[in-house]
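The structure appears right after this line, and notes come after that.
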Amino acid sequence: MTLSFFDQFMSPTYLGIPLIAVALTLPWILFPTPSARWLNNRLITLQGWFINRFTQQLLLPLNLGGHKWAALLTSLMLFLITLNMLGLLPYTFTPTTQLSLNMGLAVPLWLATVIIGMRNQPTAALGHLLPEGTPVPLIPVLIIIETISLFIRPALGVRLTANLTAGHQLIATAAFVLLPMMPTVAILTSIVLFLLTLLEIAVAMIQAYVFVLLLSLYLQENV
Amino acid sequence: SLDRFPLGEKRLMDVKLGELGSWLGKRDFTPNGVLASIRNGHDRYYNKYINVKKGGIGGVAMLLVGYVALSYMWEYDHLSEYRLWEYDDLRVPTTYSIIHLKAL
């Protein structure tokens, strides 16, 4: 009988090594280090173009203090987008479907922005809890609401997990449940699967981007 | 000829079949040695397929296909339990037809 629906998110072990270890080290191999030559090979040229454009766009709203985060944010973006896109290949494992990994990325980085803000400019950081121009009677309620919204920011990680898991699960359901149950409309199901795959590609890229963008936003407020 | 070289330094393709055991014994299996051989292999692949003047998609594509094959091998035990549908017909034996979600 078919196994439970969430089995695709288990990381199988072979010779004692879980597949997630292989999946996590693969992005490292895919991005070679540029050499000191003036003209590199095509892969490095493409990679360099992408990194430069992305970093430039990302750092536009940040002031000088935030530029220290450039390497971290760009490498995070590359890591996430590679992990997400590699997970779309057949039989591969997507580490970003694991909540532990995403929270492990989101919570320390968010906490870092909060602590930096509180340490360097506590007045301004606390001032973010009250938007400008609020009517006076609303102030206590709004401060409570803004504090809650501050603490819910690690949902950055949950967002990434949920989006990727949902997409993969949809594809799995369409393939394992719909296709065997209704073989006469297999063409429709194939079209559904194709569209879902396209959606997954888009979601993979967008989610990585959103993660890093929101982090830079939190940084911008606090730095 | 290659018989004059010390056994541990010959490349694998030059080792005679009878010498295989002692060749394996002389290779450097310390962590440093393993890392060195991984780096060596990576450099050879990189310089042959990617670090070329007009490299195409082939260099990276071969790597990705190898990764897919590796993942399949890694989770074979888990995948072999999937069955697409049960045949009602008693004359047809139930086969393991594995059509993985993303391979469609």
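The values are calculated or read from the model by the stated rules, or taken from the named source; none is laboratory data. Everything numeric in this text was worked out from a predicted model, so none of it was measured. Every residue, glycine among them, receives a Cβ derived from its backbone with ideal geometry; neighbour counts consider all protein chains shown.
Quick rundown of the values:
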{"read-out": "Helices (runs of 4 or more DSSP H) wholly inside segment B:1-95 that include at least 1 residues being at pLDDT 85 or above and within 14 Å of another protein chain (Cβ to nearest Cβ)", "value": "B:31-45, B:58-74"}
{"read-out": "Output for segment A:36-95, where each listed residue is assigned to a loop (DSSP other than H, G, I, E, B), of a type in the set (Phe, Trp, Tyr) and in contact (Cβ under 8 Å) with a residue 12 or more places away in the chain", "value": "A:93"}
{"read-out": "Meets criteria (surrounded by 16 or more Cβ atoms within 10 Å (Cβ to Cβ) and farther than 17 Å from residue A:88 by Cβ) for residue A:178", "value": "yes"}
{"read-out": "Pair list, Cβ under 8 Å, 6 or more apart: segment A:12-26 residue within 8 Å of another protein chain (Cβ to nearest Cβ) and assigned to a helix (DSSP H, G or I), other residue surrounded by 11 or more Cβ atoms within 10 Å (Cβ to Cβ) and among the acidic types (Asp, Glu)", "value": "A:19/B:75"}
{"read-out": "Tally, over segment B:24-44, of residues that are under 18 Å from residue A:25 (Cβ atoms) and of a type in the set (S, T, N, Q)", "value": "2"}
{"read-out": "Residue in segment A:134-150 that is under 20 Å from residue A:109 (Cβ atoms) and touching a helix residue (DSSP H, G or I) at 6+ places or on another chain (Cβ under 9 Å) present", "value": "yes"}
{"read-out": "Only listed residue being surrounded by 12 or more Cβ atoms within 10 Å (Cβ to Cβ) and more than 14 Å from chain B (Cβ to nearest Cβ), chosen from A:86, A:99", "value": "A:99"}
{"read-out": "Considering residues of segment A:181-199 that are within 9 Å of chain B (Cβ to nearest Cβ) and within 28 Å of residue A:50 (Cβ to Cβ) only, the residue surrounded by the fewest Cβ atoms within 10 Å (Cβ to Cβ)", "value": "A:194"}
{"read-out": "Residues that are surrounded by fewer than 21 Cβ atoms within 10 Å (Cβ to Cβ) and small (Gly, Ala, Ser), drawn from segment A:150-175", "value": "A:155, A:162, A:166, A:172, A:174"}
{"read-out": "Residue list for segment A:34-72, restricted to those being within 14 Å of chain B (Cβ to nearest Cβ) and either touching a Lys or Arg at 6+ places or on another chain (Cβ under 8 Å) or among the basic types (Lys, Arg) (or both)", "value": "A:37, A:41, A:42"}
{"read-out": "Entirely in segment A:124-223, the helices (runs of 4 or more DSSP H) that have 2 or more residues that are aromatic (Phe, Trp, Tyr)", "value": "A:186-222"}
{"read-out": "Filter pass, residue A:75 being away from chain B (no Cβ under 14 Å), more than 30 Å from residue A:194 (Cα to Cα), out of contact with any helix residue (DSSP H, G or I) (no Cβ under 8 Å at 6 or more places or on another chain) and of a type in the set (Ser, Thr, Tyr)", "value": "yes"}
{"read-out": "Hits in segment A:192-223 (condition: farther than 17 Å from residue A:88 by Cα and not hydroxyl-bearing (Ser, Thr, Tyr))", "value": "A:210, A:211, A:212, A:213, A:214, A:215, A:217, A:219, A:220, A:221, A:222, A:223"}
{"read-out": "Condition check for residue A:117: closer than 25 Å to residue A:60 by Cβ, away from every other protein chain (no Cβ under 14 Å), surrounded by fewer than 14 Cβ atoms within 10 Å (Cβ to Cβ) and modelled with pLDDT under 90", "value": "no"}
{"read-out": "Count - residues of segment A:3-53 that are among the hydroxyl-bearing types (Ser, Thr, Tyr) and either more than 28 Å from residue A:166 (Cβ to Cβ) or touching a Leu at 6+ places or on another chain (Cβ under 9 Å) (or both)", "value": "5"}
